[in-house]
Amino acid sequence: MNKANEVRPIFRRLAEVAERTGCAVILIGHLNKAAGGQSAYRGLGSIDFRAAARSVLLIGRVKREPNVRVIIHDKSSLAPEGKPVAFCLDPETGFEWIANMI
């Protein structure tokens, strides 16, 4: 996963499946714990994951609200970036979109 020369053949196979079937490929990754710096370089594994993606979304916590998460558009190659959206993960009520927080 960390070596571009090993990741690229896998991407080619995924691209062939997507092209043949008309499906979308969604990859989920995690950021390392390094503070600061650009999110593009904090992803675990090869930068090729981000480079191959047409759209990258990041989900982060809101420090002052421990149950709130925000989704931001970090890369958008084919369309304008979307607006951030927030949601709440409440232990009692479950998942809930939060309107007008951002």
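Of all residues in the stretch 79-99, those satisfying the criterion of being assigned to a strand (DSSP E or B) and under 20 Å from the mean Cα position of the chain (by Cα) are VAL85, ALA86, PHE87, CYS88, LEU89, PHE95, GLU96, TRP97, ILE98.
If we scan the stretch 80-95, do we find a residue that is among the acidic types (Asp, Glu), surrounded by 10 or more Cβ atoms within 10 Å (Cβ to Cβ), in contact with a strand residue (DSSP E or B) (Cβ under 6 Å, 6 or more places away or on another chain) and modelled with pLDDT of 85 or more? Looking through the stretch 80-95, at least one residue is among the acidic types (Asp, Glu), surrounded by 10 or more Cβ atoms within 10 Å (Cβ to Cβ), in contact with a strand residue (DSSP E or B) (Cβ under 6 Å, 6 or more places away or on another chain) and modelled with pLDDT of 85 or more.
On the basis of being surrounded by 13 or more Cβ atoms within 10 Å (Cβ to Cβ) and either within 19 Å of the chain's Cα centre (by Cα) or assigned by TED's automatic domain parsing to the domain that holds ILE28 (or both), does SER55 make the cut? Considered against the rule, which asks whether it is surrounded by 13 or more Cβ atoms within 10 Å (Cβ to Cβ) and either within 19 Å of the chain's Cα centre (by Cα) or assigned by TED's automatic domain parsing to the domain that holds ILE28 (or both), SER55 comes out as yes. The set of residues in the stretch 67-102 that are within 24 Å of ALA51 (Cβ to Cβ), of a type in the set (D, E, K, R) and out of contact with any Leu (no Cβ under 9 Å at 6 or more places or on another chain) contains only GLU81. Take the stretch 58-78 and flag every residue that is in a strand (DSSP E or B) and more than 16 Å from the chain's Cα centre (by Cα). Once the filter is applied, which keeps residues that are in a strand (DSSP E or B) and more than 16 Å from the chain's Cα centre (by Cα), the stretch 58-78 yields VAL62, GLU65, PRO66, ASN67, VAL68. What are the residue pairs meeting all of these: first residue in the stretch 84-97, first residue at negative phi and assigned by TED's automatic domain parsing to the domain that holds ASP74, second residue loosely packed, with under 13 Cβ neighbours inside 10 Å and β-branched (Val, Ile, Thr), Cβ atoms under 6 Å, and 6 or more apart or on different chains? Once the first residue is at negative phi and assigned by TED's automatic domain parsing to the domain that holds ASP74 and sits in the stretch 84-97, its partners that are loosely packed, with under 13 Cβ neighbours inside 10 Å and β-branched (Val, Ile, Thr) give PRO84/ILE102; ALA86/ILE102.
The values are calculated or read from the model by the stated rules, or taken from the named source; none is laboratory data. These numbers were taken from a predicted model, which means no experiment stands behind them. FYI the Cβ positions are ideal-geometry reconstructions off the backbone, even for glycines, and counts take in every protein chain you see.
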